[in-house]
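S.K.: Let me begin by handing over the structure; questions about it come next.
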Amino acid sequence: MSDREPVRPLPELTPATEWFWTSGADGQLRVQSCTDCTTLVHPPVPICPNCRSRSHEPRPVSGLGVVVGHTVNAHQWLPGFDPPYVIAVIALAEDPTVRLTTNVVGCAPDDVHIGQEVQVRFEHHDDVWIPLFEPTGRSRPNPIAEPRLAAPRPPLGRERFEDRAVLSGIGRSALGRRLMVDPLSLTVDACLQAVADAGLGLDDIDGLSTYPGAAGMGMSEGGVGAVEEALRLHPTWINGGGDLPGPGGAIVAAALAIAGGLCRHVLCFRTVWESTFAALQLGRGGGGRASGWMQWRAPFGAMSAANWIGMNANQYLTRYGATRELFGHIAVNGRTNAARNPDAIYRDPMTMDDYFAARPITSPFGLYDCDVPCDGSIAIVVSDASVADDLPHRAVRIEAVGTQILERVSWDQGTITHEPQVLGQAAHLWTRTDLRPGDVDLALVYDGFTFNAISWLEALGFCGFGEAQDWIEGGARIALGGDVPVNPHGGQLSEGRTHGFGFVYEAVTQLRHDADARQVADADTAVVTTGGGTPSGVLLLRRHDR
C-alpha cells in the first residue's frame, strides 16, 4: 500500500453491525458468538447457524489469523485508494471457517502468502475502527480443507419439469463497446428477433422472464416493467430479479411456469450496457457509506469481483501447484475461437506471450483474465414442448438443470479453493439426468474470469479438483476439435460480457448446427453454466430429434 493513508469508503453503522465497526476502540477484535453453543459467526446474522439460537453477543478473540486468500490489487478502483495494496481473506485462529476480508499491511505486497500468520491492528476513521492485519513473522499450515459437500437432493419422482419445455427461438441485438444506444432499444431488437426466430408473433407471448430485473450500473434495460411497457404483451406470468440460480435462472423459471400450465411461450431476455454506462459517467453521484454486503469489502478497496475471485485463485494455485499458464490457456482458447465468430468484440490473435505481457489488474489476474464489458441484449423464447416438431428451426431440449445451493452464499466465508457457488449446482445437475460428463459434446462455461472457467470444469467432473493443469493438455483438450470444446464463440473473455445469456445463445446455435466456422462437429449435448459467486445455475441441453 502506498505511504499515503487511503481514502477508505466507511461502513454504515446499523444496530446489527455497529458493535463490530466500533470494537477496535479498545484494540480488541470481536466476533459474533452464540451464547448457547459458542459458535462464532461472521458476518453477523440474527440466528445461530449451528443450534438456531437467537441469543448472541460480541466475543473478544485473539486477533490472530492466517492468510487463506490474497490478491495484490494494481488497478485504481477508487479515488484516493491508491494501488498497489493487498486484499486478503484471513481465517481466524479460533475457527478457520470464520474469516475477514481485509488488508494486510506492514510488509511488501509481494511478501504476502498463503499460510502467513497475521495479527489485527486498527485504523481509526471518524466513528469507525477498521480491522487490518500485519504479519507476525510466523507461518502456519494452510487451514483450508478440500471441498466436501453434502449429497445433492435427488429428484422427487420420475416426472421432470425439464421435459415439458424447449428453447424455441433466439435473438440478439448489436453487440459492442460503447454503442451509445438506449438499452431498452437493444432489448426490443433482441426480443423481436427471438420471437420471429421461433415462428411466433408478439401476441403468442404469454410470459416474460429476466435477470436481474431493474438493476442499475448498466446491468439491465429496466426489467420486466420496462419491456412490458414497450411491447404491451399482457403476459399471464412474469419473473424478474437477482435472487435466481444465476442469469440462466430466468430460463429455469420460464420452464417451470410452462410445466405448471401458466404459460405457453415465455420470452426471456438479458441486457447489459456497462460500457456506455461507464463512458457517460453515470451513477457517480452520492458519497454515502457502504452498506449491505459491500460494507465488508469496500473499506478495504475490494471493489471488484476481480479482487474477490483473485483471492480464491491464489489459494487454488498455491494448494494445487498450478501456474498462471493454466489460466492463459483459457484466455488464448477463447480468443482463438472468437476469431471464427463475426459477432465477437475482440478477434485479433492472442499468444501466451501476449497473455503474460498484459497489464496486471489484481493478482493473479492480468487484463486478459478479465471479461469484456460491453453493450448488448440477448433473448431466448422458451415454449411448451408440444410445439417442438412445428418450429421453423430445430428445437433444443432441456435435459437437466442444476440449481441446489450446497455452499455458503458468500464470497469469503465458504468455498475458497474454487469460485464460490459452482460446486453445489454442478453436483445437483447430475442427479437429474442419466448422462455424464463424458456424454457432453461442448462446454459453455461462465468465464467472467479465467479462473471461473477452471472452477466450472472441475466442478462438473470433467477432471478432479486441482487436476485441470494436466487435464487441459496445453489447451488441446478444450480447443475446437478437442475432447471437450470450451466456449467456441470466444466466451465473455473475447466475445463480450453478456452475463450468461451469450452462452445459452451459443448453445442453441451449436445444437442447431448453425455455428458455421466454429461449429462443433455433430454436437448433440451442451452444458451451459451461468453465474458464480452468487447463486448460480447449470443447464444441460440436447438437440431435439425430429
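S.K.: For the chain, what is the calculated [θ] at 222 nm in deg cm²/dmol (nearest 500), taking -39500 (n - 2.57) for each run of four or more DSSP H residues and dividing by its residue count? Don't jump to the answer; show the numbers that get you there.
M.R.: Numbers: 13 runs with 119 residues, N = 546.
Helices in the chain give a 222 nm mean residue ellipticity of -6000 deg cm²/dmol.
S.K.: Of all GluC sites (Glu not before Pro) in the stretch 416-477, which ones are in loop regions per DSSP and have a Cβ with at most 15 other Cβ atoms within 10 Å?
M.R.: GLU467
S.K.: Continuing with this model, one more query. If we sort 498-508, 533-543 on the protection proxy, mean other Cβ atoms within 10 Å, highest first, what's the order?
M.R.: On the way: 498-508: 26.9, 533-543: 25.0.
Sorting 498-508, 533-543 by mean packing, highest first, produces 498-508, 533-543.
S.K.: Now for a separate question. What distance in nm separates the two pseudo spin-label positions at SER185 and MET352, each 7 Å out from Cα along the beta-carbon direction?
M.R.: 4.5
S.K.: I've got another one for you. Do any cysteines of the chain lack a neighbour Cys whose Cβ is under 4.7 Å away, and which are they?
M.R.: Singleton cysteines: CYS107, CYS191, CYS263, CYS268, CYS370, CYS374, CYS463.
S.K.: State the extension gain, in nm to one decimal, for the chain segment bounded by ILE405 and GLU473, taking 0.36 nm per residue of separation less the distance between their alpha-carbons. Before the final figure, lay out each step's value.
M.R.: Numbers: separation 68, 0.36 × 68 = 24.48 nm, distance 3.13 nm.
Stretched out fully, the ILE405 to GLU473 stretch lengthens by 21.3 nm.
S.K.: Once the Cα atoms of helix 324-338 and of the chain are each reduced to a long axis, what angle between those two axes, in degrees from 0 to 90 to the nearest 10, is obtained?
M.R.: Value to nearest ten degrees: 30.
S.K.: Can you tell me the dipole magnitude for the stretch 1-153 around its Cα centre, using point charges on the Cβ only (Lys, Arg +1; Asp, Glu -1), in Debye to the nearest 20? Don't skip to the answer; put the middle values down first.
M.R.: On the way: 12 positive and 18 negative charges, 140 e Å.
Result for the stretch 1-153 is approximately 680 debye, rounded to the nearest 20.
S.K.: With a sphere of radius 9 Å drawn around the Cβ of ILE345, what net charge do the other residues whose Cβ falls strictly inside it have (Lys, Arg +1; Asp, Glu -1)? Don't skip to the end; give the middle numbers.
M.R.: Numbers: positive: ARG177, ARG347; negative: ASP343, GLU495.
Taking every other residue near ILE345 into account, the sum is 0.
S.K.: Simple spin-label model, 7 Å along Cα-to-Cβ: ASP163 to VAL45 in nm?
M.R.: Taking the simple label geometry, ASP163 and VAL45 are separated by 3.6 nm.
S.K.: Give me the net charge of TRP21's neighbourhood, meaning all other residues with Cβ under 11 Å from the Cβ of TRP21; Lys, Arg count +1, Asp, Glu -1. Spell out each step's value before the answer.
M.R.: Details: positive: ARG30, ARG289; negative: GLU12, GLU18, ASP126, ASP127.
Neighbour charge sum, excluding TRP21 itself: -2.
S.K.: Have a look at SER363, LEU13, PRO155 and report the one farthest towards the positive end of the charge dipole of the chain, computed about the Cα centre with Cβ charges (Lys/Arg +1, Asp/Glu -1).
M.R.: LEU13
S.K.: Let me ask you something else. Write down Rg/Rh for the chain, rounded to two decimals, with Rg from the C-alpha atoms and Rh from the Kirkwood relation over Cα pairs.
M.R.: Numbers: Rg = 23.5 Å, Rh = 24.2 Å.
Reported Rg/Rh, Kirkwood definition of Rh: 0.97.
S.K.: Can you order the peptides 84-94, 404-414 by their average number of other Cβ atoms within 10 Å per residue, highest first? Provide the component values of the computation, followed by the final result.
M.R.: Working: 84-94: 23.1, 404-414: 19.3.
Final packing ranking: 84-94, 404-414.
S.K.: If you don't mind, there's one more thing I want to ask. Based on alpha-carbon atoms only, what is the radius of gyration of the stretch 18-139 relative to the globular estimate 2.2 N^0.38 Å? Numbers along the way, then the final one.
M.R.: Values: Rg = 15.2 Å, N = 122, 2.2 N^0.38 = 13.7 Å.
Normalised Cα radius of gyration, the stretch 18-139: 1.11.
S.K.: In addition: Against the longest principal axis of the chain, how steep is helix 183-197, in degrees 0 to 90 to the nearest 10, with axes from Cα atoms?
M.R.: 40
S.K.: Going by average Cβ neighbours within 10 Å, how do the peptides 375-382, 98-105, 521-528, 327-334 rank, with the highest at the top? Please report the intermediate quantities before stating the final value.
M.R.: Numbers: 375-382: 29.8, 98-105: 22.6, 521-528: 19.6, 327-334: 26.5.
The packing order, highest mean first, is 375-382, 327-334, 98-105, 521-528.
S.K.: Under 8 Å for C-alpha pairs, at least 6 residues apart: give me the relative contact order for the chain, rounded to a whole percent.
M.R.: On the way: 1342 pairs, mean separation 93.7, N = 546.
Relative contact order of the chain: 17 percent.
Rule-based calculations on the coordinates, nothing more; no lab input. All values derive from a computational prediction rather than experimental measurement. We place every Cβ from the backbone using ideal geometry, glycine too, and count neighbours over all the protein chains shown.
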